[in-house]
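Asks: Please find one structure pasted underneath; my questions will follow.
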Amino acid sequence: MSVSVLVGVQWGDEGKGKIIDVLTKDAQMVVRFQGGNNAGHTVETEDRKFVLHLIPSGILRGETDNVIGNGVVVDPVGLAEEMNALVARGVDVSRLQVSSRAHLIMPWHKLLDAFNENKASKGKKIGTTKRGIGPAYASKANRTAIRACDILKPARFEALFREQAAEYNRIYGPLGAEKLDPDTAWKEVSAAADQIRPYVKDTVLSVNQAAKAGKNVLLEGAQGAFLDIDHGTYPFVTSSNTTSGGACTGSGLPPRAIDCVWGVIKAYTTRVGEGPFPTEQDNATGEFLRTKGGEFGATTGRSRRCGWLDIVASRHSCMVNGVDLLAVTKLDVLDELDEIKICTAYKLDGEILPAFPADVEDLARVEPVYETLPGWKTSTASARSMADLPENARKYLARMAELLEAKIGIVSIGPKRDQTFTV
Ligand code: GDP
Ligand code: IMO
Ligand code: MG
């Protein structure tokens with residue numbers, strides 16, 4: 001029985017949803033601790049495909065408690081829609097809890113996100129999901145935000161809502177941001193809040209109680225290490241701590257409660273949105289990975305940028321996350337390649353860099369140093385153990401683990417639940 005954190009160690013979309021779903025088979029609680037509905041976590045069961053945005057990926061297994069923790073920013077309208085869509089497909093959402101301490105994404109946050117992105121000049125755009133994430137976390141840091149506990153006091157909630165909607169129109173209207181009609185917006189938000197109210201709980205308590213009772217608790221990270229507000233490729237990041245440290249602040253669990261950190265890593269690299277990406281292959285290789293890997297955003301549908309595995313980046317994020325075990329996904333996407341490259345070092349102005357650089361201007365200029373490994377040219381989709389894999393695929397995984405100084409615990413060779421094996 002243990003508490004495990006699962007995080008993406010690249011730029012998001014590593015397959016976290018799939019691995020959470022697999023691990024949930026043996027868990028009693030799944031907790032989201034940061035981000036919001038900017039996430040898109042895909043779970044393919046035997047015959048159905050689901051994309052979760054805000055609701056933990058454990059919701060598809062009936063017996064699991066699913067918690068939206070205090071570190072998450074919650075769009076009540078988005079959450080109500082996601083719940084309704086799941087219920088319409090026969091999924092039971094009664095075991096959902098929303099932290100009373102979670103901050104809310106309000107309509108003006110979404111308008112501000114779009115306004116900021118649209119007015120940003122080339123090179124300054126972040127390529128956000130326009131879900132209002134950054135402005136909602138900014139309100140939290142400004143100490144002006146509305147929280148889920150305000151939903152429990154409807155009169156206070158409405159007063160705060162109207163006051164802040166008017167403030168938004170007053171400040172941003174003259175700057176050219178889209179005006180908000182407070183009555184229409186309130187109607188939509190209050191209907192969603194009415195639906196969510198019964199799920200608002202003191203989750204800091206329920207999560208700690210579950211951990212103390214020796215239940216298996218899984219903390220589901222969203223995004224990836226290089227989108228972390230502190231450790232990512234700032235400013236081309238999201239606005240939360242996506243690394244394992246965020247699991248404590250975003251759930252209320254103390255650091256000593258964490259027994260294991262899973263790092264999910266794609267067998268190659270992808271990134272969606274703007275910002276430097278040293279191993280990007282803006283060529284036929286990138287196109288091959290995009291097509292074979294179905295690399296289109298689960299939230300926005302945007303094409304994901306694709307490239308080779310980047311050890312310099314992933315080694316840095318394994319260090320920051322304190323990864324105990326790696327879950328390697330999408331190995332099957334490499335099946336047809338003649339040879340596969342791994343970036344083992346960065347050169348800047350002719351010198352090998354000792355570490356992953358802090359400055360994105362430097363990162364944009366680094367020259368990746370590659371090691372080339374032979375492909376295996378065999379389908380891995382039906383492998384159910386290391387022994388089933390072709391020798392060159394085993395060698396690729398072994399080299400990855402060696403370079404990352406980490407142990408592989410799970411290998412995923414397809415999107416379905418059963419296309420997974422433990423090592
Ligand atoms: P997440 O955001 O980390 O949960 O990842 P996404 O769901 O955004 O993107 C991962 C995509 O890869 C989804 O379409 C998954 O169904 C798919 N996927 C996950 N694991 C594998 C795998 O091992 N092989 C293949 N081919 N697809 C996978
Ligand atoms: P999951 O959980 C990949 C990216 C956006 C943009 C940047 C900031 O599915 O891995 P935001 O809307 O958060 O302010 O956008 O972060 N981004 C993601 N990229 N996977 C995600 O989530 C992402 N969530 C945000 O594309 O570059
Ligand atoms: Mg995703």
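Asks: How big, in percent, is the set of alpha carbon pairs in segment 265-422 lying more than 26 Å apart?
Replies: 26
Asks: If the viscosity is 0.692 mPa s and the temperature 37 °C, what Stokes-Einstein diffusion coefficient in µm²/s follows for segment 118-160 when Rh is the Kirkwood radius over Cα pairs?
Replies: 261
Asks: For the chain, modelled as a Gaussian network with Cα springs under 10 Å, which listed residue fluctuates most, 329, 242, 300?
Replies: Looking only at 329, 242, 300, the largest GNM fluctuation is found for 300.
Asks: Here's another thing I want to ask about it. Just the Cα atoms of segment 321-404, one point each, no solvent: what log10 I(q)/I(0) does Debye give at q = 0.14, 0.15 Å⁻¹?
Replies: Per q value, in the given order, log10 I(q)/I(0) is -0.62, -0.69.
Asks: Antiparallel versus total DSSP beta bridges in the chain: what percent is that, nearest 5?
Replies: Percentage antiparallel, nearest 5: 40.
Asks: Moving to a separate point now. From the phi angles alone, apply the Karplus equation (6.51, -1.76, 1.60; θ = phi - 60°) to segment 121-128 and give each ³J(HN,Hα) in whole Hz, x where the residue is Gly or Pro.
Replies: With coefficients 6.51, -1.76 and 1.60, one gets 7, 4, x, 10, 5, 8, x, 5 Hz.
Asks: If you line up the long axis of helix 154-172 against the longest principal axis of the chain, both from Cα atoms, how many degrees apart are they, to the nearest 10?
Replies: Between helix and principal axis, roughly 70 degrees.
Asks: Additional query: Test of the criteria: in segment 2-57, which trypsin sites (Lys or Arg not before Pro) are in a DSSP loop and have at most 13 other Cβ atoms within 10 angstrom of their Cβ?
Replies: Of the trypsin sites (Lys or Arg not before Pro), the ones in loops of segment 2-57 whose Cβ has at most 13 other Cβ atoms within 10 Å are 25, 48.
Asks: Using only alpha carbon pairs under 8 Å that are at least six residues apart, calculate the relative contact order of segment 318-375 and give it in whole percent.
Replies: Relative contact order comes out at 42 percent.
Asks: Roughly what would the spin-label model give for residue 259 and residue 138, points 7 Å off Cα along C-beta, in nm?
Replies: Output for this residue pair reads 4.2 nm.
Asks: Let me ask something else about it. Using Cα-only point scatterers and the Debye equation, what is log10 of I(q)/I(0) for segment 266-329 at each q in 0.17 Å⁻¹, rounded to two decimals?
Replies: Summing over Cα pairs of segment 266-329 leads to -0.64.
Asks: Moving on to the next point. Scan around residue 120 for amide H atoms under 5 Å from its own, H built in the peptide plane at 1.01 Å from N, and keep only partners 5 or more places away or cross-chain.
Replies: Long-range HN contacts for residue 120: none found.
Asks: Among 291, 129, 233, pick out the residue whose Cα is farthest towards the positive end of the charge dipole of the chain, where Lys and Arg carry +1 and Asp and Glu carry -1 on C-beta, about the Cα centre.
Replies: Final value for the positive-end residue is 129.
Asks: To the nearest µm²/s, what D does Stokes-Einstein give for the chain at 10 °C and 1.306 mPa s, using the Kirkwood radius over alpha carbon pairs as Rh?
Replies: On the way: Rh = 22.0 Å.
After rounding, the answer is 72 µm²/s.
Asks: Could I ask something else about it? Given R₀ = 60 Å, what would the calculated FRET efficiency be for residue 401 paired with residue 183, taking r from the Cβ atoms and rounding to 0.05?
Replies: 0.55
Asks: Whats the longest run of the chain with zero GluC sites (Glu not before Pro) that are DSSP loop and have at most 13 other Cβ atoms within 10 Å?
Replies: Here the longest run is 64-335.
Asks: Also, I was wondering about something else. What share of Cα pairs, in percent, lie more than 14 angstrom apart in segment 188-247?
Replies: Working: 1210 of 1770 pairs.
That tail contains 68 percent of the Cα-Cα pairs.
Asks: Which value in deg cm²/dmol, rounded to the nearest 500, describes the helix-derived mean residue ellipticity at 222 nm for the chain, given -39,500 (n - 2.57) per DSSP H run of n ≥ 4 and division by the residue count?
Replies: -10000 deg cm²/dmol
Asks: So, one more: Over every pair of different alpha-carbon atoms in segment 103-196, take the mean of 1/r and invert it; report that Kirkwood radius in Å. Display every interim value, and only then the final one.
Replies: Values: mean 1/r = 0.0721 Å⁻¹.
13.9 Å is the Kirkwood radius here.
Asks: Could you check what % of the DSSP bridge pairs in segment 265-422 are antiparallel, to the nearest 5? Don't jump to the answer; show the numbers that get you there.
Replies: On the way: 18 of 26 bridges.
Among the beta bridges of segment 265-422, antiparallel pairing accounts for roughly 70 percent.
Asks: Can you tell me how much longer the chain between residue 300 and residue 26 gets when fully stretched, taken as 0.36 nm per residue apart minus their C-alpha distance, in nm with one decimal?
Replies: Difference between extended and current length: 95.5 nm.
Asks: Reachable lysines from residue 49, Cα under 19 Å, same-chain residues fewer than 8 places away excluded?
Replies: 16, 18, 25, 292, 330, 416
Asks: Then there is this: Expressed as a whole percent, how much of the Cα-Cα distance distribution for segment 160-300 exceeds 22 Å?
Replies: Working: 6376 of 9870 pairs.
Considering segment 160-300, 65 percent of its Cα-Cα pairs are separated by more than 22 Å.
Asks: Evaluate the distance, in nm, between pseudo-label points positioned 7 Å from the Cα of residue 166 and of residue 284 along their respective Cα→Cβ axes.
Replies: 6.4
Asks: Compute the angle between helix 311-321 and the longest alpha-carbon principal axis of the chain, please, reported from 0 to 90 degrees and rounded to the nearest 10.
Replies: The helix 311-321 is inclined about 50 degrees to the chain.
Asks: If you don't mind, there's one more thing I want to ask. On the Cα set of segment 5-65, report Rg and Dmax in Å, please.
Replies: Rg, Dmax (Cα atoms, Å): 10.9, 31.
Asks: If amide H atoms are built 1.01 Å from N in the plane of the peptide, which residues on other chains or at least 5 residues away come under 5 Å of the amide H of residue 273?
Replies: It is 305, by chain and number.
The numbers here are math on the coordinates, done by the rules we state, and not lab data. Worth saying up front: this structure is predicted, and the values here are computed from it rather than measured. Cβ sites come from the backbone with ideal geometry, for glycine too, and all protein chains shown count toward neighbours.
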